[in-house]
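Written out below as structure tokens is the structure these notes cover.
Coordinate-derived values only; no laboratory data. Keep in mind it's a predicted model, so treat the numbers as computed, not measured. Heads up, the Cβs are rebuilt from the backbone with ideal geometry, glycines too, and the neighbour counts pull from every protein chain shown.
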């Protein structure tokens, strides 16, 4: 069974403005997918539809085979597909970290004894064990987002949806969150990361590019980043290392075509100048 | 207008158990005409510093001049200890403390129309019913004697300067605009008073790559045409390397370096010591230096690329 499958998904507002236009995507269980698109491309709307926060105008969304248009399924879908939003300050509901994480499981009626265990596990997964009794307002942005992720993990979701969850963080906070997300994916959780940081898409399994509510590109990061002209047309940009590599190649340096990360470019450049 | 701070120090929650020094002895000059960058971790003191620049935080210890304006604010006891000659706004005779405070406040208000500060995510601070109302607020606040025609002229100019179509957006609710447009409206609301200095805290945070490129280009246009000095606070070393003429590095409330990118990023060790990264170009250049190839660059991508290509061609010619 697919973790997520949409068919001919359309969404428009009452004033007729079309946000999603015939979107067909599917995500395998355990996959790590990055959804890229400029502001207004429809990516956040898509996330909200997956989670049942918005209802599509037409078409269907199935999460583990459960149709989100059937209200009876919503409870189950939200339990299995957890979402983390952009602003860390808007997602805290309690004044102590452990209460904040307990909020979700309490809501779905998890027995109190098990809630304690879930809090332990969730905090360990995001490496925040030492902050169990801390006050969320005193944490850094990266730490707050990890607590928000822990809050979702306490519901034992099978899909984790990140809606620009690193956009408001500094580079250090972003790194913290992304490394936790990678580990969660390695442990089997399906990840859908909605972002416009191209670097975050470098080590995912598949990239989906949305533009004007349509799926324009789909493929491995290598395949997608190789099509730089198209990316630009859709308001995106290559990772900086890829841009520099491309320009150097155009200037006559024998740099391989599939260079997208800083590490890879550094290695090639050094070898090149060392040899010569 | 130059900005000159000497020994600027700020303590939060002074004389309480929560006392903490946010700024320690900052001595820094920002010359008129710079496109100045301030970098540092969250909590490094950079935000506290910029809040001093337009008097949102009054100077308590040390000194700060923004143009001719002395930003120092004297507490009651401190003021009482001043002589008639040393007291600000005194013409031979010191003012009463109440009058002094009033004069200081008026001075700060005047200054704020000349030093604009755009905070992080300024679009969250929009409040007007229409774009026009929102942008006009600054004019009405700072130049209350303006006629409606003057207000309209200034608003129109500001909206055009941030790259929006005036006739299209002026009657719209700012909340109906896209994220990038909202940010531009917020920026228009600040430049509408025609400040000479514009300070922006993380101006491109949260924007997509195209939006980021456009906003930075807009800032350069403003810098070239209307605003003398621009100061940006940024986490992104690549943005700083690409855009700034000079950079100040803050760490734990201290100023640890001030230099143009060309010098600052040549030796990344100092930055690494305080847990900051260097731009990608600097990282590549220092790796190349280890193989014996020195790239003399200002660390902008274009300059780096052309110098590496040049080096490579010379090598090929020789061999």
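Data table
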| item | result |
| --- | --- |
| Area projected by the alpha carbon convex hull of the stretch B:212-318, averaged over all directions, nm² | 8.1 |
| Whole-Å semi-axes of the ellipsoid equivalent to the stretch B:29-177 (Cα gyration tensor, √5λ, descending) | 35, 21, 13 |
| Cα-based equivalent ellipsoid of the stretch B:69-145: semi-axis lengths in Å, sorted from largest, via gyration tensor | 35, 14, 10 |
| Spin-label pair residue B:146/residue B:196, simplified geometry with 7 Å Cα→Cβ offset, distance in nm | 2.0 |
| Shape category assigned to the stretch B:170-274 from the gyration tensor of Cα positions, a/c cut at 1.5 | prolate |
| Cβ-Cβ FRET estimate between residue A:8 and residue B:25, R0 fixed at 60 Å, reported to 0.05 | 0.40 |
| Cα point-scatterer Debye curve for the protein assembly as shown, base-10 log of I(q)/I(0) at q = 0.09 Å⁻¹ | -0.84 |
| Rounded if a/c under 1.5, otherwise prolate or oblate - the stretch A:10-68, Cα gyration tensor axes | oblate |
| Share, in percent, of DSSP beta bridges within the stretch A:4-229 that are antiparallel, nearest 5 | 50 |
| Once the Cα gyration tensor of the stretch A:101-174 is diagonalised, semi-axes √(5λ) in Å | 22, 14, 10 |
| Förster radius 30 Å - calculated FRET efficiency between residue B:83 and residue B:18 (Cβ-Cβ, nearest 0.05) | 0.30 |
| Stretchable slack from residue A:187 to residue A:72, in nm (0.36 nm times residue separation minus alpha-carbon distance) | 38.5 nm |
| Distance (nanometres) between label positions extended 7 Å along Cα→Cβ at residue A:57 and residue B:137 | 3.3 |
| Average beta-carbon neighbours from other chains, 10 Å sphere, peptide A:190-202 | 1 |
| Solution diffusion estimate, µm²/s, Stokes-Einstein, the stretch A:106-251, Kirkwood Rh from C-alpha pairs, 25 °C, viscosity 0.890 mPa s | 143 |
| Chain A: most fluctuating residue of A:122, A:264, A:226 per GNM, C-alpha cutoff 10 Å | A:264 |
| Value of D in µm² per second that Stokes-Einstein yields for the stretch A:4-229, Kirkwood Rh from Cα pairs, at 20 °C (1.002 mPa s) | 120 |
| Using a Förster distance of 35 Å, the FRET efficiency for residue A:108-residue B:120 (Cβ separation, nearest 0.05) | 0.50 |
| Taking the C-alpha atoms of the stretch B:89-227, convex hull volume expressed per residue in Å³ | 131 |
| When the stretch A:150-199 is reduced to its Cα atoms, the Kirkwood hydrodynamic radius in Å | 11.4 |
| Contour excess over end-to-end distance, with Cα ends at residue A:79 and residue A:158 and 0.36 nm allotted per residue | 27.6 nm |
| Antiparallel content of DSSP bridges confined to chain B, in %, to 5 | 50 |
| Residues B:305, A:147 arranged by fewest to most Cβ contacts within 10 Å | B:305, A:147 |
| Cα-Cα separations in the stretch A:160-244 greater than 16 Å, expressed as whole percent | 54 |
| Neighbour-count order for B:121, B:10, fewest beta carbons within 10 angstrom listed first | B:121, B:10 |
| Radius, Kirkwood style, for chain B when every pair of distinct Cα atoms is counted (Å) | 21.7 |
| Sorted by Cβ density within 10 Å, fewest first, the residues B:74, B:124 | B:124, B:74 |
| For q = 0.19 Å⁻¹, Debye-computed log10 I/I(0) when each Cα of the stretch A:6-121 counts as one equal scatterer | -1.12 |
| DSSP bridge orientation in the protein assembly as shown - percent antiparallel, rounded to nearest 5 | 50 |
